[in-house]
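The numbers here are math on the coordinates, done by the rules we state, and not lab data. These numbers come from a predicted model, not from an experiment. FYI the Cβ positions are ideal-geometry reconstructions off the backbone, even for glycines, and counts take in every protein chain you see.
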Amino acid sequence: MRKPDSKIVLLGDMNVGKTSLLQRYMERRFPDTVSTVGGAFYLKQWRSYNISIWDTAGREQFHGLGSMYCRGAAAIILTYDVNHRQSLVELEDRFLGLTDTASKDCLFAIVGNKVDLTEEGALVGQEKEECSPNMEAEDCVSPRAPKQVHLEDAVALYKKILKYKMLDEQDVPAAEQMCFETSAKTGYNVDLLFETLFDLVVPMILQQRAERPSHTVDISSHKPPKRTRSGCCA
Ligand SMILES: Nc1nc2c(ncn2[C@@H]2O[C@H](COP(=O)(O)OP(=O)(O)OP(=O)(O)O)[C@@H](O)[C@H]2O)c(=O)[nH]1
Ligand SMILES: [Mg+2]
């Protein structure tokens with residue numbers, strides 16, 4: 001297997017839907033999930049590049065592993081649940097520090113998932129019925145409640161992250177491009193999220209390749225060493 005050209009990592013509190021987002025994108029479905037243990041990755045081929053996407057465990061007991069998964073990451077998806085304000089607070093308090101091991105020009109996306117559970121979910125093309133016990137989860141939406149976290153809160157966090165990383169707003173993608181609201185359940189904005197990141201990561205791969213010294217040896221120009229009488233090489 002070829003080494004991945006780039007790495008994207010999903011971080012966020014338990015239950016916010018990291019595994020579900022990744023499965024929705026990679027497998028085009030919304031299966032039942034179990035809380036992630038440690039971490040797992042998918043490989044995505046995007047144009048001619050291999051990108052690994054790492055799913056991590058949000059549970060406190062696995063917290064120590066987070067910075068290991070983030071090592072060298074080109075992009076990090078900080079995920080929260082739009083219905084739980086604390087899951088956004090945790091991103092700043094508990095997860096941001098784990099990203100110190102990421103690449104120096106690492107990109108950040110902030111993703112509010114489970115938007116299908118909010119009243120606004122009705123405005124984003126979810127025409128399905130409310131769930132009843134005999135319905136498949138994918139065929140229905142759960143009863144809706146007012147959203148607890150708004151996109152502006154995510155934009156404010158994005159700006160705080162830039163300060164924390166000492167990055168200039170001019171040198172990074174705009175907050176409006178990097179803050180998403182998604183539903184792993186309906187698929188809303190899921191392709192947009194991942195594919196926006198892939199498109200941003202490709203120029204980083206090309207830049208890394210241009211900066212990396214070439215280790216290629218031209219064997220056609222290689223001359224074998226002359227043999228001496230003793231059989232040893234001159
Ligand atoms: N309604 C709704 N439920 C979701 C959505 N995404 C995930 N869920 C549900 O939320 C629960 C947790 O989802 P996971 O994807 O396992 O969450 P996680 O962030 O991977 O959690 P950990 O692995 O413990 O860190 C599951 O019951 C999912 O079915 C969504 O967009 N909408
Ligand atoms: Mg998980």
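Per-residue 3J(HN,Hα) values for the range 167-182, derived from phi via the Karplus relation 6.51 cos²θ - 1.76 cosθ + 1.60 with θ = phi - 60°, read 9, 8, 3, 5, 8, 10, x, 5, 3, 5, 7, 10, 10, 10, 10, 9 Hz in sequence order (x marks Gly and Pro). Each of K163, K3, K147 was scored by other Cβ atoms within 10 Å of its Cβ. Listed from fewest to most, they are K3, K163, K147. Using the Cβ-Cβ distance between N15 and L65 with R0 set to 22 Å, the FRET efficiency from 1/(1 + (r/R0)^6) comes to roughly 0.80.
Across the range 6-211, Cα pairs under 8 Å and at least six residues apart give a relative contact order of 23 percent.
Counted residue by residue at 0.36 nm each, then reduced by the alpha carbon distance between them, the extension gain from V89 to D168 reaches 26.1 nm. As a length-normalised measure over Cα pairs under 8 Å and 6 or more apart, the relative contact order of the range 1-120 settles at 31 percent. For the pair the range 165-192 / the range 55-97, the C-alpha centres are spaced 15 Å from each other. Label separation (S35 vs Y49): 3.5 nm, computed from points 7 Å beyond Cα along the C-beta direction.
Please tell me which of these pairs span more than 25 angstrom C-alpha to C-alpha: K114/K160; K104/K160; K159/K185? Pairs exceeding 25 Å: K159/K185.
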